[in-house]
Each structure stands twice: as structure tokens, then as C-alpha cells.
1. What number, rounded to the nearest 500 deg cm²/dmol, is the helix-based mean residue ellipticity at 222 nm of chain A, given -39500 (n - 2.57) per DSSP H run of at least four residues and division by all its residues?
2. Could you tell me the center-to-center distance, by alpha carbons, between segment B:439-455 and segment A:143-170 in angstrom?
3. What total accessible surface area, summed over both chains, is buried at the interface between chains B and A, computed with a 1.4 Å probe and given in Å² to the nearest 100?
4. Relative to 2.2 N^0.38 Å, what does the C-alpha radius of gyration of segment A:224-313 come to as a ratio? Two decimals please.
5. Which three extents, in angstrom, do the Cα atoms of chain B have along their principal axes, listed largest first?
6. Quick one: compute the contact order of segment A:253-394, relative version, from alpha carbon pairs under 8 angstrom and 6+ residues apart, as a percent.
7. In debye, nearest 20, what is the charge dipole magnitude of the protein assembly as shown about its Cα centre with +1 on Lys and Arg Cβ and -1 on Asp and Glu Cβ, if you could check?
8. I'd like the distance separating the alpha-carbon centroids of segment B:226-280 and segment B:40-57, in whole Å.
There are 2 protein chains.
Amino acid sequence: MKASQFLISTLKEAPADAEVVSHQLMTRAGMIKKLGAGIYNYMPMGLRVIRKVEAIVREEMNRAGAVECAMPVVQPAELWQETGRFEKMGPELLRIQDRHARDFVIQPTSEEVVTDIARQEFRSYKQLPKNLYQIQTKFRDERRPRFGLMRGREFIMKDAYSFDRDPEAAKASYQVMAAAYRRIFDRFGLRYRAVAADSGAIGGDLSEEFQVIAATGEDAIVYCPNSEYAANMEKAEALAPTHARPAATQPQTLTPTPGKATCGEVAELLGVDLSTTVKSLVLATDEVNDQGEIVKSQVWLLLLRGDHDMNEIKVGKVPGLDVGFRFATLSEIEEHFGCKPGYLGPLNMKKPVRIVADREVALMADWICGANQIDHHITGVNWGRDLPEPDLVADIRNVVAGDKSPDGKGELAIERGIEIGHVFYLGTKYSKAMNATFLAEDGKPAFFEMGCYGIGVTRLPAAAIEQNHDERGIIWPDAIAPFTVVICPIGMDRSEEVKAAAEKLYAEFLAAGVDVLLDDRGERPGAMFADWELIGVPHRVVISDRGLKEGQLEYQGRRDTAATKVAVGDVFAHVKERLKV
Amino acid sequence: MKASQFLISTLKEAPADAEVVSHQLMTRAGMIKKLGAGIYNYMPMGLRVIRKVEAIVREEMNRAGAVECAMPVVQPAELWQETGRFEKMGPELLRIQDRHARDFVIQPTSEEVVTDIARQEFRSYKQLPKNLYQIQTKFRDERRPRFGLMRGREFIMKDAYSFDRDPEAAKASYQVMAAAYRRIFDRFGLRYRAVAADSGAIGGDLSEEFQVIAATGEDAIVYCPNSEYAANMEKAEALAPTHARPAATQPQTLTPTPGKATCGEVAELLGVDLSTTVKSLVLATDEVNDQGEIVKSQVWLLLLRGDHDMNEIKVGKVPGLDVGFRFATLSEIEEHFGCKPGYLGPLNMKKPVRIVADREVALMADWICGANQIDHHITGVNWGRDLPEPDLVADIRNVVAGDKSPDGKGELAIERGIEIGHVFYLGTKYSKAMNATFLAEDGKPAFFEMGCYGIGVTRLPAAAIEQNHDERGIIWPDAIAPFTVVICPIGMDRSEEVKAAAEKLYAEFLAAGVDVLLDDRGERPGAMFADWELIGVPHRVVISDRGLKEGQLEYQGRRDTAATKVAVGDVFAHVKERLKV
């Protein structure tokens, strides 16, 4: 490609609404152009990156035996009503009516449509396994779209769906996909982790997120530096302490803590470590009758160490809380504790509640908690002596750095990540809802065992930039750079020698199948170099009259601090050796 | 590709709602699957064809200097309000509201968005010309979607838009695109014509449709077998006759024609040729005030030879009718002619009307028309003698086969076509509406001169099938076949020799970059052959035990009436020689 035939449009300033570096740099590099909130034009420079991402995904999906199809962007509501998602999903599902006032949705994913295809097409177990995928435009009407392509409303996703005859086969299909994802992410040339994720009601370990490591990531990734263990924060288990509960050494003492309503404030006031305090969280569950009316509510008190945070996913799995919980109302709190929030605790309650202690709290001695009395806490609290053992002990907190790794191989560390892929074993959730069956080997109809597998195609370039950039701009990995090599001739319009050398080298790269751009715009060197550093092309060759006189060109990798002089005849080989595609 | 890793799903019967052969065959061959009215899943077999169409389009667009981008499917209404299309377009424009009740549309085309890009990106004449294109999902909420991919609601279109500094440059850009379209359609391997089309208010000849020739086509294509002349029916000019008007030979005679209200009936009754009759069409134009109220109406009488049809586009260009016309109401007809339709004519009117005679009618003598008296016509009518010369003479009819070609090179012929591409010079229609300007060489802002260029990517396979099929199924041209070559081994599961020969040949084709499928499903020969003839793969190689014993395989091209025996060692060369890709 020659620059004069392309569209290069760089900006000095990022738009005011671009909060994250990938959004800023993609806009400044002319890769995307905002059309509306969360809706972007993919400009030629950006589309090249997207197409390279798609090509890698497509190749590896095909290699893994998945078959590409394309499902409509606009989908009739009927199928979505079969699974109940048409009603259940929030306003992020964009609903439309056509000219005949019939309901449609714009696909955010395609479980319904693909399951509808399967129940018509896959009639016998002999046709299984099958994996159908598409690389297609999606829409989610996010309440607060932001961060450019990171959380847009319209985006491109690769979504794949596997259909199997039984759970074992489905798990095998899942593993094939998980392996394909590793190959895909390896090829992107990004640092990433595959982390165990919560698989909701289905259980088991068959849910993994693929996270691109980036300090700016929205997700916390938990991993063990000494082993393969990695999980997202929702999923990572906080092991039970192995030590026994220490003996009580302090008397239970009502202590004035005027105006100190948080554990941090109390610890500071009392000059103790935050880890000696216990925080009280009050939840409630409701029993509902057939008419959907609440017939009975149960109040729960959750106890966590003051320096720990509640993990809602884990709480949602505690027996009794797994029916769905909510935070208790102020009146429920007053009714049971006789006190307002900030000074709550498990002692001296007005009415009994069910108490769930975090594994850590269950083994504490001489701890501090609210006194159920305004402006007061109790110090020196001890299980058994001052209050009965908790009703339940469970892992209900987020892990923190330094916790023991669940695989016993060291201590956990935490880093930030950006989710760009997810593999998930669905079981029969959709096939049962849509009565999607095949004829099993025993001659009876059986529900498909399904898996779903997503990659955020347009999100990936943003994640790559969050991970790989410097003050000058983007640093693309070779595999997904808009151009792999840029040739920058200086004074091409003045010097026949420069022009000839540039055209010759350009032709050489083209013939070798290298994705090269020749910058024939006639820009001044400074502006030209700044453009390509902003755009992030990984390999640059500069051709100048002065260099040619010495028989040399200059090569500079995007991460190199300085250029390397290379003899004219060696340049092609020199660059080729550095290419990672 | 091996069949066992793919999704092959053929049907014996076409769905009841499939009216045209392409819809029937694409459904039966498992290429598309209906999801809703005018909305289809592109199944793996069909998607392969679509991707090949896309690849050819993309290559040639790039070669022609156009640059690919992608504009959002969901577009904010604001830009569409700037051009007025948000209000003006009918219900085929699918309008949506998001969660904040803001208006959006699903793109049917993207003139507004691309013009918005241009007015921001192309600031100087030095950046021009530019041509941006996308291959993207579109939606038109057709009132009556039908014919499968031929007239769907959701479809894929390649739309390109050129931006130029002046009309001359725009016309050059247009010619570059017209030439690229010829290359594209040549590569598809289809019989097609580029036909001149009406360019509406913009005038000139810069509008061409690319029509795939097919007997089932919706459009009539006019062409001259001796020359390059081709136009669509709307556009094709009916030349003025070169002969002088013959002298009158008959007296004007009121002739009873009881119950004979059409020219055809009258000609039959009187035993004369239909071409001696003249039909009367009554139109009206309205003058409207600022409040949109009709303040005055004008009634028009159009006279056409009995065997000719009115051409609405041509009528819409007649001075006075070019403000927009309608058919006259019954009461307007009674008021001016004192008679009901069926017996109307230009003689003995109650109130004067403006008379437009078709070029042909203006040179007729001794003609027959309605008498403005129920059950009566007048014969022997002559201009000048019986009525004044017409107010206007114009080309207002469709041409018919045998008319003189406008280029003077013979007589016109007519065939049917399916429109799959359109190149169009837009002028400043959109740039003016959206105030899209660039800085011209004289330092002043100037409006972009634009062109737009479409190809119906998903319509093309349907058109290809309408042109190329037989009673057994589809006959794909090599370039867009889902697979170019299919290897059909007979008894692959029983015979090691067959299996080895099949795998060897398969590997050979793959290594040569041929898009080959090995049918390893183990189907019986009859069913297997029927599948591939239905799917329409252009080249088939059959491997059997019996053949191998004689050292031979069988090759059959999809259009061949019988198979050819080919020595095992020669098969690869034999097939390669026949490939057109």
C-alpha cells in the first residue's frame, strides 16, 4: 500500500471524552471515529487491525473444526421469547418493531438463533459434535458506553456455539475451544492469562476468561506466580486458614467510638490493626408465593474481617442465600439490631438472624465489632465465650495478594486484566428452554449439551493498546499491526535515488508477502516519524540521500530507542529477520 | 475441507414460500435458512459463496484505489435529519429508539455517514480524490420481502462513495468505478450487461446498472445486438420517427364501439392494427401554496400509440410535468372530457387540457381514439385537420423490440435482467444538504462532488443461480462456487485403495491452492452425486475400486452430460486445466 492511496489522518489532541489511553490513541491515530455514544466508524487504518484479528480468529476456529456461518443482526423476538430473554434482559437488549409492529431485537449474542438452527439441522447423534461460529456485528445498549471500543454499544464479536451428545463430549468440545483460544491469543502476540471464571448455576470449572494483562484493566486477575493457577476475582477461592483459633486473651469491653462508623476509623481510633476488626453486612432473602408476593423474609448477618471485601458471587452460593439475596432495608436492620448501620454486630441483637462468618473470621480471637449501640463498638470479642459459634462458615470474601494459592504452590498475586475472550460450558440451559433435541444412540430424544465461546474482535485492538503503548503512541504486535513495515523516504520528491531505493525496497517486501506501506506523502521527516510512531507500525525503514551516499539505510523497531544503520543490500534480510508474522 | 468437518444439509423439497428457483435451490442446497420474513441465516455452504463474492469485490475496489472502512449498522438519526431522509424515507427505513428514547436508523445505505466523515477528514482539495467503501450489513424493511436473497430485508451490500473537487474529477472517479465494476463482474463469470440508467434530477449519462442476464429477472434490459448500446427500460430512448407525417386519407368518423374500452378491443372490433389506435392517459399536476394546500390543478392528456406503454420516468421529465404528477381523479376526467375513462380522446373536450403527444403519435395520420362519448370512438383522426397540433411532443413511452437503436446501429432487442450493481454520479446532492465542503485551490470552500457505487453482495449468488441452473440444481461459476472441486470416493470405508487415492488427490489439490472438498461422509453414490449436483460444485472427481483397477478415475464438469475417464496420474492436470479461477 502507498500512503497516497490510503487514508492517513492523525490528530495532535485526543477528544475530551476519551478517558483511557486506547481510546485516545485510536482516535488520534485515525483508527476510529465516533459517530454517536458507543458507536464508531472503523476507519481504514483501524479496519486493517480488525481484519487481521478476524483472520487469525477465523483460521484457528476452522483449524479447531468449527464451521463459520452468519446469523442475522436483526432477529425476530419469537425465539427470544422461547428462552424468556426477551422479557428478562434489561434495556441493554435493543428492541425494535418493524413496519408491521412485529417485535425484533438486534443480536447481543445468538444463543437462541443457533439453538434454533441446531434443533432443525442436527437430528441425530451421528451428526454431533458440531460447532458453529460467526464473526458478526453485535449491539448492546450499554447504559454508559465509554472507553472507545472497550465498552461500545455496536461491536464485532466472534461467537461460537458447540453442540454435543452428552456432558463428556461437551467437555471435550470445550477443551478443544480452550486450546484454540490459547493458540489465537498466542498469535496475537499479547501477554494474557486464561483465568478460571465462575460458571454460575452449572458448576464445575468449565468457564475461563481470556484476559489481556494491562494496568488499566477493569478486572482483577488472581494468579500464583509459581504455578499455572489463575482465576478471576469472582472465582478465586480464599482457602480456610490452617491454624487453630487462638485462645481468648482479652475481656469483652464496650468501647465508645463516637462518630467512627467504619472499621478503618475504629482501628485508627483504637490504634489497632484493621485485621483485628470485623465488619457486619446485613442481607435478606425473601420467600415468595405463587402470586409473586413476599410471604416471609429472613435476615442474615455476614461477618468479614475489616480489611476484606465481600464477594457477591461467593455469597450467592451460600446455602440459603443461593435463592437470591438483597441488602436488608433500614427498617429490617433497626428491627433486628436496634441500631443503625455503622455500629452493627453479632452481640446483643434484638431479634435473631442467621450468621455467616467468613472462614477467616471464624478463626479469629479478641476481635472488634459494632455493639448494636450508637457510637459504640465492642473489643475483645471471642467465639464460644461471648457468642455462639456462627450458623455457617464459608468463603465469602475476595482474595487479597499474599493469600495462599488454592493449588498449594505459593502465594497469590493480583494484576489487572481486560477480558477479551470467554469459553463457557452451557449445559442444557438453552436446549431445554427451546426444546432442542436430537435422536440419541438409544433412539430417544435428548437435549443438546452446549458450550459458548466469545472473542471481542473490536475490543481486542483496544486491549492490545492498553498493554502496549508509550508516550509517542501505539506499539502494535506484528500480527495485528495495520501495517507491519513502513518505508519512510526523506525527500522522495527531490531525489531520484531516494525514490528508486524506496520503490525497490517496497517491491521487495510486497513480493515477499510483507504488509508494507510506502509513505509517499512527501511529509517532513519529523511529522512523518511522529505519525508512524503514533499509529504504532512495528518496523520502520528510513531512506535518505545522505544515508544512500554511505550505502546505508536506517532501521528502527517501534520499541528500539535508536535507529540502526544497515547496508542497503542487507535491509530486506535485516527486517525480515525481525518480523514475528 | 472434508465433508465430515463441514455442515452439509440438503433438502429434497423446497419450502412452500420459495417462488423463484434461486430461493428454492439455495434453501434445498442448505445455503440459507429462513429466520423470519426476508431475514436469513447464511449457512456455512452459502457463506462460502458470499465470502468469495466479497473477496473479488474487495480486491478490485482496492485495485481501483478505493479504501475500505466500516460504518455502523445502527446510526444516529441526526445525520439523517440533516438530509431530510429521516422524515422523507418511507417505512423501509427501519427506525429505532435506544434506552434513552433517542432516534436511530439501521443503515439501508450510508450517504449521510460517509459525507459526515468527508466533511471532517477531507479539508483540502489536495486530499482529493477519495473513495471510501464498506462491505456491511444493511436493512430495508421491504413491504413484501420475497424471493429469498433476491429481495430480503437484511442483506450485505458493498457501498462506495467518491469525493472529488469538481464535476470533471467526479466523472473521472465514476469512470474508474465503472471500469472496476466491469472487472468485478467479468471475474464472477456471469453473463451481464452494464446498462445506462436514469440519473434523475442530476442529468447526464452518469448512471449505469449492472444487470445479470436471466429470463426470470425483474428488469427489462434494452440493448442493440450490433453495438455497445444498452440501457434499462426507464432510460432507453425511443427515437423520433424520421419519416414525415403521412397525409390524411380518411374522413373523421364517429364509430360505435359498444363496450370496447381498450385500444385492443377497438382494434379487434374494427379489424385494424393496434398501431393505428391512440390511447389517452389523463394526468394532473397541482400548484401548492406555502401551507401545502392545493391552490390550482392542471389536467394533462397524454397520447400514446395503442401498442405502446407509458414510461413514467420520461413523463416525469416533460416540462410542466416535472414538478411531480398524479393520475387525474374521476371527477377531473368527467369535468374535462364529459365522459368516463375508456372512451376518452383529444376531440370534443368540455374543458381544455394540455396535450402531450408521444413522438410516434405526433407523426400518425388517420388514427383512432376515444370520442369522449360512451361506447364510441372516432376513426380517421388527423392532426391539423381535426384538432390543433399537440401542445408538446415528447418521448413518453417504453421502447419495444425492433425500435431503432439510439446510436443508429440497428434495432433494439429486449431481455430480462437482475440488477446487482449500480454506479451513480450524485453531484452535490448530499454535500449541499450537509454543508460538506473542502478548501478549493482558490482558497474558498466548495461542495464535494460525489458518486455512489453499490453491489448487492448477498443478491449476487441468487442472480447467479437464476442464470445458471438446471433440473438437478445449481451450476456455479468457478469463481464463486462454495467449493471448486469435489472428490467423491465410492466405498471409502471399505477400500483402502480408494481411501488412499482420495486422500492423495485431495492433498494435491490443497497444495495447489484449489478449493477442494473431499466427501468422506460415506454416502451412497446416488445420494452423494445428487447432493453435489444440487449444491452445484463445478468439478467432480469420482474414485471407485473398479476404476482404480483400470487405473482410471472419472471427471465430470457440472455442465457435462457424461463423465470422462481419466488416467489416475493425469487427473490433477486434467482438472487444473478446466479451472477458471
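1. Details: 16 runs with 149 residues, N = 581.
The helix-only estimate for chain A comes to -7500 deg cm²/dmol at 222 nm.
2. 41
3. Working: alone 26380 and 26410 Å², together 48210 Å².
Approximately 4600 Å², summed over both chains.
4. Working: Rg = 18.8 Å, N = 90, 2.2 N^0.38 = 12.2 Å.
Rg over 2.2 N^0.38 Å, computed on Cα atoms: 1.55.
5. 93, 67, 47
6. Values: 281 pairs, mean separation 39.6, N = 142.
Result for segment A:253-394 is 28 percent.
7. On the way: 144 positive and 170 negative charges, 204 e Å.
So the magnitude is around 980 debye.
8. 49
The values are calculated or read from the model by the stated rules, or taken from the named source; none is laboratory data. Please read these numbers as outputs of a predicted model, since none were measured by experiment. As a convention, Cβ positions derive from the backbone with ideal geometry for all residues, glycine included, and neighbour counts pool all protein chains shown. Ligands, DNA and RNA are stripped out before the accessible areas are found, and what is left, the full protein with its side chains, is counted by its heavy atoms. Shrake-Rupley method; radii C 1.70, N 1.55, O 1.52, S 1.80 Å.
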